[in-house]
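All remarks here apply to the structure that follows.
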Amino acid sequence: MRQYAAVTITTNQAAPSPVTVIRKEKTSRNSVSLSWQEPERPNGIILDYEIKYYEKEEQETSYTILRARGCNVSLNGLKPNTAYLLQIRARTAAGYGASSPSPSFQFETSPDSAFSISSESSQVVLIAISSAVAIILLTVLLYVLIGRFCCRSKSKHPDEKRLHFGNGHLRLPGIRTYVDPHTYEDPSQAVHEFAKELDASCIAIDKVVGAGEFGEVCSGRLKLPSKKEICVAIKTLKGGYTDKQRRDFLAEASIMGQFDHPNIIRLEGVVTRSKPVMIVTEYMENGSLDSFLRKHDAQFTGIQLVGMLRGIASGMKYLSDMGYVHRDLAARNILVNSNLVCKVSDFGLSRVLEDDPEAAYTTRGGKIPIRWTAPEAIAYRKFTSSSDAWSYGIVLWEVMSYGERPYWEMSNQDAVDEGYRLPPPMDCPATLYQLMLDCWQKEERNNRPKFEQIVSILDKLIRNPGSLKITANTTSRPANLLLDRSSSEVPAMGTVGDWMDGMRTLPCKEAFSGVSYSSCDTLAKTSTEDLKKVGVTIVGPQKKIVSSLKALDSHTKNGPVPV
Ligand code: ACK
């Protein structure tokens, strides 16, 4: 028989080509108006343009970023008589095109004393100068009033959003574009700004696939304007809701609608003008990642698992670049499609945590999914992209253990007990376990890896699959396995009891005490039923416990440990 494999690869849509033609329309001492031509090859629908500019002298150490939907923009709040450099890039569903031009486009503002406008508008200059005092005073007054109004009702102008204010000038590196829908005075305005209103007649519901806090989750089909039908998931808001419930339900759509990334669940639109109120998203054939992995225990290659993890990290990098902190990153909130692509889902603020069955009340009253949450977020609600990185470490552990519950049946209290770290899942590559430990740095949360670094580490692993063969349980383990990073000593582990003490897995220790099995292999061959007869309760899958014990065997200096 001829042996072959058919491989279907779908490339991503190409990014738009650079913006090459930029024109200066008007210049004054504090502002400049620019326009440009659409890229020669947009390769899709241009969602918006990013305009980045900075003082030439400052060499890009601080810069301002604006976003514009059209091909023109006014830059205000500039310094008089100053040279600026500027670059523009277009964004489509495929992401950003290259920034251009290179070298950057240069413009200068007019000197302090002058008020110049381009030559063809010299008449306007004359009129402006003649009525100078009155008009300037009026403009300043209006500017102050409008400025105040804009600050109060943030982001009311979708076409051109100034992303960061600081005396009208950006002093922060990076891009940040997420707008919190709760800052809108009228939340229904937010949903219509970020989500498309769909006609209910274009949606056909096929079946119920799950239940959410607000109502059922169904699968169905959406007829697009092109008449093409696509599979969708439909979240519905059940009848009898309060205004607040409707607002909270739709907040998820207002958040999701701002994202556009292959590893973030895509919003198709909302139905708010008829009942039931619905949120329509792309359909993910394999459902939630945790149950998907449990269904396919041990069925994937290392590369497939790393590919899934890479997707999640890439989605999280996108979210953190946008300034969005997820707060509830867990395998149950990742969806998987038929191509094994993982996408981050479940957006919202307080709602996410209210909705999550894993969320428990902390001593400070907040509701938090304890097992997935960083210590500083549990202790004083310090949620940041670094606390998301901690949760990513837990997701990494969940994926490598095929949907095992973190900390098994331990109580939340024991799970967060200081110093405890999860052990490596069976056959877990050493690099991935080290990555988990890095994500779980307690004291120095800023030392946790950034999502960009995580993506790059996983990319390296994918390029060099041989490195996945070195597993955490066969090599010497990282020194910090059993301890908090603040402790410098690794305790000597002579017996299983010591090991379990070190791991603070009391339930396990109690289960094994008084039972005498001569080796891990004997234990492996003993049925769970037989173990029960001698009073041993298996608190996790038996094969995983055996694998951990074998790891201990290889770890101790004196050969196999008697169990
Ligand atoms: O594991 P599941 O089948 O996948 O059960 C849950 C359920 O709805 C409640 O959240 C499923 N679900 C949610 N969103 C989607 C989606 N976009 N595509 C497919 N299934 C979804 C989820």
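Need one number: nm distance between label points at His182 and Asn446, each 7 Å from Cα along Cα→Cβ, rounded to one decimal.
About 2.6 nm separates the two model spin labels.
Please compute the modelled spin-label separation between Glu57 and Ser102, points set 7 Å along Cα→Cβ, answer in nm with one decimal.
That separation, rounded to one decimal, is 2.8 nm.
Sort 281-288, 103-110 by packing, meaning the average of other beta carbons within 10 Å per residue, with the highest value first.
Numbers: 281-288: 19.0, 103-110: 16.6.
Averaged packing, sorted descending, gives the order 281-288, 103-110.
Quick check: residue separation of Ser467 and Ser411 times 0.36 nm, minus the Cα distance between them. What number comes out in nm? All intermediate terms of the calculation are to be shown ahead of the outcome.
Values: separation 56, 0.36 × 56 = 20.16 nm, distance 3.53 nm.
Stretched fully, the Ser467-Ser411 segment lengthens by 16.6 nm.
Pop out the ³J(HN,Hα) list for the range 192-203 in order, Karplus 6.51 cos²θ - 1.76 cosθ + 1.60 with θ = phi - 60°, rounded to Hz; leave Gly and Pro as x.
7, 6, 10, 10, 7, 7, 9, 7, 4, 5, 8, 10
How long is the gain from Ser201 to Gln299 if the chain were fully straight, where each residue apart is worth 0.36 nm and the alpha carbon distance is subtracted? Spell out each step's value before the answer.
Numbers: separation 98, 0.36 × 98 = 35.28 nm, distance 4.10 nm.
Full extension of this stretch gives 31.2 nm more.
Suppose R0 equals 41 Å. What FRET efficiency, 1/(1 + (r/R0)^6) with r the Cβ-Cβ distance, do Asn337 and Glu40 give to the nearest 0.05? Kindly include the intermediate steps, with their values, before the conclusion.
Numbers: r = 33 Å, r/R0 = 0.80.
FRET efficiency, Asn337 to Glu40: 0.80.
Given the range 179-242 reduced to its alpha-carbon atoms as identical point scatterers, what log10 I(q)/I(0) does the Debye formula return at q = 0.12, 0.16 Å⁻¹?
Normalising to I(0) and taking log10 leaves -0.41, -0.71.
For a quick check: sort Lys227, Lys79, Lys450 by the number of other beta carbons within 10 angstrom, fewest at the front. The partial results should precede the final answer.
On the way: Lys227 6, Lys79 14, Lys450 17.
Going from least to most buried by this count: Lys227, Lys79, Lys450.
Calculated FRET efficiency, Ser226 and Gln189, Cβ-Cβ r, R0 35 Å, to nearest 0.05? Intermediate results must be reported in sequence, preceding the final value.
On the way: r = 28 Å, r/R0 = 0.81.
Efficiency for this residue pair is about 0.80.
Give me, ordered by chain and number, the residues 5 or more places off Ile264 or on other chains with an amide H under 5 Å from its own placed amide H.
Long-range HN contacts for Ile264: Val344.
Greater than 27 Å separation of Cα atoms is the criterion. Which listed pairs, Lys367/Lys442; Lys26/Lys79; Lys196/Lys367, meet it?
Values: Lys367/Lys442 21 Å; Lys26/Lys79 15 Å; Lys196/Lys367 32 Å.
Where the Cα-Cα span goes over 27 Å, the pairs concerned are Lys196/Lys367.
Could you list Met322, Met436 so that the one with the fewest beta carbons within 10 Å of its beta carbon is first and the one with the most is last? Each step should come with its number before you reach the end.
Values: Met322 19, Met436 23.
In increasing order of surrounding Cβ atoms, one gets Met322, Met436.
Could I have the simple spin-label model distance between Ala379 and Ala5, label points 7 Å from Cα toward Cβ, reported in nm to one decimal?
Calculated label separation equals 4.7 nm.
Only the coordinates and a few stated rules stand behind these numbers; no lab work does. Just so it is clear, the model here is predicted, and its values are computed rather than measured. Here Cβ is always computed from backbone atoms with ideal geometry, including for glycine, and neighbour counts include all displayed protein chains.
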